[in-house]
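The values are calculated or read from the model by the stated rules, or taken from the named source; none is laboratory data. Just so you know, these numbers come straight off a predicted model, no measurement behind them. As a convention, Cβ positions derive from the backbone with ideal geometry for all residues, glycine included, and neighbour counts pool all protein chains shown.
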Amino acid sequence: MTRDPKHATQTLERTETTRPRLFRVLLLNDDYTPMDFVVMVLRRYFRQSEAQATAVMLAVHQRGQGVAGVYTREIAESKAAQVTDHARSEGHPLELSIEPEA
Ligand code: TYC
């Protein structure tokens, strides 16, 4: 094994001080997706209780959009894609979007 310093490798230590950026998954209101479907989505994909899911669904229905959950970028994108696929497979126009937290 060569010890030529040109080819030496170095392991640098650093203290972990950063947290991953978090992203909000937003549910957008529309006129056609059934309320029950939205409640199911919030329970199944965003792990909300029946009461929480119902409150969030009604807030979205009344205000136009609302936060389904907050995750790292990959998880947020994956949840939004899975829910969109599920909605389309049942013929619902439900839309979601993702935005960085603060
Ligand atoms: N507005 C829909 C209805 O009246 C319900 C709904 C709520 C749809 C939230 C989408 O993200 C949504 N059936």
Of the residues that make up region 39-46, is at least one exposed (fewer than 15 other Cβ atoms within 10 Å of the Cβ), under 20 Å from the mean Cα position of the chain (by Cα), among the basic types (Lys, Arg) and at pLDDT below 95? no
What single numbered condition from (1) modelled with pLDDT under 95; (2) surrounded by 13 or more Cβ atoms within 10 Å (Cβ to Cβ) fails to hold for Leu94? (1)
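Being out of contact with any Leu (no Cβ under 8 Å at 6 or more places or on another chain) and either within 12 Å of the ligand (Cβ to nearest atom) or at pLDDT 95 or above (or both) is the requirement here; does Glu16 meet it?
Numbers: out of contact with any Leu (no Cβ under 8 Å at 6 or more places or on another chain): yes; either within 12 Å of the ligand (Cβ to nearest atom) or at pLDDT 95 or above (or both): no.
No.
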Only one of Glu101, Glu95 is touching a residue at least 40 places away in the same chain (Cβ under 8 Å), near the ligand (Cβ under 9 Å from one of its atoms) and acidic (Asp, Glu). Can you tell me which? Glu95
I'd like to verify a number: residues in region 37-92 that are near the ligand (Cβ under 9 Å from one of its atoms), touching a residue at least 40 places away in the same chain (Cβ under 8 Å) and not aliphatic (A, V, I, L, M), how many? 3
Please work out if Glu101 is out of contact with any helix residue (DSSP H, G or I) (no Cβ under 8 Å at 6 or more places or on another chain), surrounded by fewer than 12 Cβ atoms within 10 Å (Cβ to Cβ) and over 10 Å from Leu27 (Cα atoms). yes
Say whether the condition of being of a type in the set (Val, Ile, Thr), surrounded by 15 or more Cβ atoms within 10 Å (Cβ to Cβ) and more than 15 Å from Leu26 (Cβ to Cβ) is met by at least one residue in region 76-90. no
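Can Phe23 be described as of a type in the set (Phe, Trp, Tyr), modelled with pLDDT of 95 or more, in contact with a His (Cβ under 7 Å, 6 or more places away or on another chain) and within 21 Å of Thr84 (Cα to Cα)?
Details: of a type in the set (Phe, Trp, Tyr): yes; modelled with pLDDT of 95 or more: yes; in contact with a His (Cβ under 7 Å, 6 or more places away or on another chain): no; within 21 Å of Thr84 (Cα to Cα): yes.
Criteria not met by Phe23.
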Within region 14-36, how many residues turn out to be in contact with a Gly (Cβ under 6 Å, 6 or more places away or on another chain) and in contact (Cβ under 8 Å) with a residue 60 or more places away in the chain? 2
